[in-house]
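Chemist: Below you will find the structure I want to go over with you.
Each reported figure results from applying straightforward, stated rules to the coordinates on display, with no laboratory input. These numbers come from a predicted model, not from an experiment. Here the Cβ positions follow ideal geometry from the backbone for every residue, glycine too, while neighbour counts run over all protein chains shown.
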Amino acid sequence: MKTKNIIFMIIIVFALQGLVIALIPPPPVDQRIGVYDSNFANFTEYKCRGCHTAGVPDDHHSLVPTGEYQCTNCHPVLPNGSGITMVRNCMQCHDTTFNGMVVPRPHHETKDAQDRHCSRCHGNLVNDYDDNHIIRDGPPSSMTPDTKYRAINTTSGRKWGGCEACHEQNTTLEPPISFNNKTHHRLGSLSGFNPQNSSKCAVCHGNHSSPYGSDYIRYCEQCHGFESLHSIQYDFTNTSGQKGYGHIGDGNFDCNGCHASYIAGEVAPGASVITPVINNLSTSKVYAEAVTVLTINGTNFVTTFDGVMHTSVVIVTDGINSTTLTPDSITPSQMVVTMPALIQEELYGVYALKNGSVKSNKLPLVSTPLVKVSFANKIGTTITINGSGFGLSYDPLYSDWYNVTIKNGDISRNISITNWSETMVVVTSTDAASGDIATVNSINGANSTTVTDG
């Protein structure tokens, strides 16, 4: 399995490298920062796995103890009773109906998204509408970026003075890169289309009452303020002064792309703390009560601007409480941090916090119980196995994944499970003996001990 994962990641890396080379300089914009500029409908399971590389089953299994779902919701028994349904294609459930359940898109239907707290997932690549960031008053000037463009070279097609200078579509790529209006209009209920909700449209377009039109740039600045825009650059340490890697590289190319005739030099005004971006984690799954060394790969974790170094720490949060971790080592593209034992078994988020105020995007980290077998005592034909992390209950329909084995070498004993809880399993066996090896297998893993006479 590990070899397959490594091969898969190598394929991903080379595929993205080939894509990125084709995008420098834009348009379309380089895709190594933030979410790929496509529509959810264009993604396949293969593309989903680019971010969700591991821990996905554990994310879903963590919903069972909450009572929100049962095992049979996602793994219904086959009609002939020969087994259960195993689905590994994300698209087969999300944004469609599966087993009688309407499963929404996983990203923009969350409470944070609906509340327009975009930075909870995207970090300071964007702003929250209510974070008191600066939005200019008054009409746009000749230097204010247009939501499309201000000037176009009719010979080359090159645009200047607006978002489309870089954010253009390219339908030849896989998946295709979409126009800004398509990526913003395909965010489920957040966009006001599915279901229809005109109040959601007004969030980005006002009530069509602005004298400057429904695509007025000040509406965009609710989420895309100049502070966040002027902190976006891929690998700032190595690309500062180069065109096409973000908003603050080459002055003539990057600055004029947004501001037309505006000449600002190598780095845009307001830039200082360049926004960090996390690409991947060395693992998306940790075991509760176990210390884990986590490697975080990305860009801009530490940068130097005007002789001042800005560095990052790691934040682990469950959405309510947060823990700040100082990296054991840090470079612009990698942080290594020792994760303390996470007591609670649930879904966490991991992001970088730079200079105490600038956040990266957030990636998921699931904490699952570590299966521990403390002892297995035999009294007569009853063997009581104590420990932790076994799971809440036992269902014979899932005996291929939830089970107990007792063996003497290669010889399997005949057993029957009579009781199962998170901390104790009771089985009966007429042929098990002291010295056999008892193993508890659950969705959280497996662990063994030697059977002893009680």
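Chemist: What is the ratio of the Cα radius of gyration of region 302-425 to 2.2 N^0.38 Å, with N the residue count, to two decimals?
Modeler: 1.65
Chemist: SER448 to SER393: FRET efficiency via 1/(1 + (r/R0)^6), r the Cβ-Cβ distance, R0 30 Å, to the nearest 0.05?
Modeler: Working from the Cβ atoms, E equals 0.90.
Chemist: Over region 372-453, what is the relative contact order in whole percent, taking alpha-carbon pairs under 8 Å and six or more residues apart?
Modeler: Computed over region 372-453, the figure is 38 percent.
Chemist: Now for a separate question. Pairing the Cα long axis of helix 2-22 with the longest principal axis of the chain, what angle in degrees results, from 0 to 90 and rounded to the nearest 10?
Modeler: In the chain, helix 2-22 runs at an angle near 10 degrees to the longest axis.
Chemist: Going by amide H atoms built from the backbone, whose H comes under 5 Å of the H on TYR348, apart from near neighbours?
Modeler: Amide H neighbours of TYR348, under 5 Å, 5+ apart: LEU365, VAL366, SER367.
Chemist: Additional query: Taking the Cα atoms of region 277-368 alone, what are Rg (to one decimal) and Dmax (as a whole number) in Å?
Modeler: 12.9, 44
Chemist: Moving on. If Lys and Arg each add +1 and Asp and Glu each add -1, what is the summed charge of the other residues whose beta carbon sits under 12 Å from the beta carbon of CYS48?
Modeler: Computed value for this residue: +2.
Chemist: Under the definition of Cα pairs under 8 Å and six or more residues apart, what whole-number percent is the relative contact order of the chain?
Modeler: Relative CO of the chain lands at 12 percent.
Chemist: Then there's this: In nm, what is the difference between 0.36 nm times the number of residues separating VAL35 and ILE437 and their Cα-Cα distance?
Modeler: In short, 139.9 nm is gained.
Chemist: When you count, for each residue, the other Cβ atoms within 10 Å and take the mean per peptide, how do 320-326, 421-427 rank with the highest first?
Modeler: By packing density, highest mean first, the sequence is 421-427, 320-326.
Chemist: If each of THR72 and ASN170 carries a label point 7 Å out from its Cα toward its Cβ, how far apart are those two points in nm?
Modeler: So the label points at THR72 and ASN170 sit 5.0 nm apart.
Chemist: Hey, another quick one. I'd like the antiparallel share, as a percent to the nearest 5, of DSSP beta bridges with both residues in the chain.
Modeler: About 90 percent, rounded to the nearest 5.
Chemist: While we're here: Going by how many other beta carbons lie within 10 Å of each one, how would you line up TRP420, TRP401, fewest first?
Modeler: Working: TRP420 21, TRP401 15.
Fewest-to-most ranking of TRP420, TRP401: TRP401, TRP420.
Chemist: Got the relative contact order for region 359-400 handy, in percent, Cα pairs under 8 Å and 6 or more residues apart?
Modeler: 31 percent
Chemist: Taking every alpha carbon pair in the chain, what does the distance histogram look like in 20 angstrom bins from 0, in percent?
Modeler: Binned Cα distances yield the sequence 21, 48, 23, 7, 0.
Chemist: Suppose R0 equals 25 Å; then what is the FRET efficiency for ASP400 and VAL291 from their Cβ-Cβ distance, rounded to the nearest 0.05?
Modeler: 0.20
Chemist: Based on the Cβ-Cβ distance of ASN414 and PHE193, what FRET efficiency does E = 1/(1 + (r/R0)^6) give at R0 = 45 Å, to the nearest 0.05?
Modeler: Calculated value: 0.15.
Chemist: Would you please put 223-234, 75-86, 107-118 in order of how densely packed they are, using the mean number of other Cβ atoms within 10 angstrom per residue and starting with the highest?
Modeler: Averaged packing, sorted descending, gives the order 223-234, 107-118, 75-86.
Chemist: Sticking with the crude label model, points 7 Å out along Cα→Cβ, report the distance from ASP318 to CYS93 in nm, one decimal please.
Modeler: It is 2.3 nm.
Chemist: What ³J(HN,Hα) values, in whole Hz, does the Karplus curve 6.51 cos²θ - 1.76 cosθ + 1.60 give for region 333-340 when θ = phi - 60°, with x put for Gly and Pro?
Modeler: Result, rounded to whole Hz: 10, 7, 10, 10, 9, 8, 7, x.
Chemist: Counting only residues 5 or more places away or on other chains, whose amide H sits under 5 Å from the amide H of VAL29 once H atoms are built in the peptide plane?
Modeler: The answer is GLU168.
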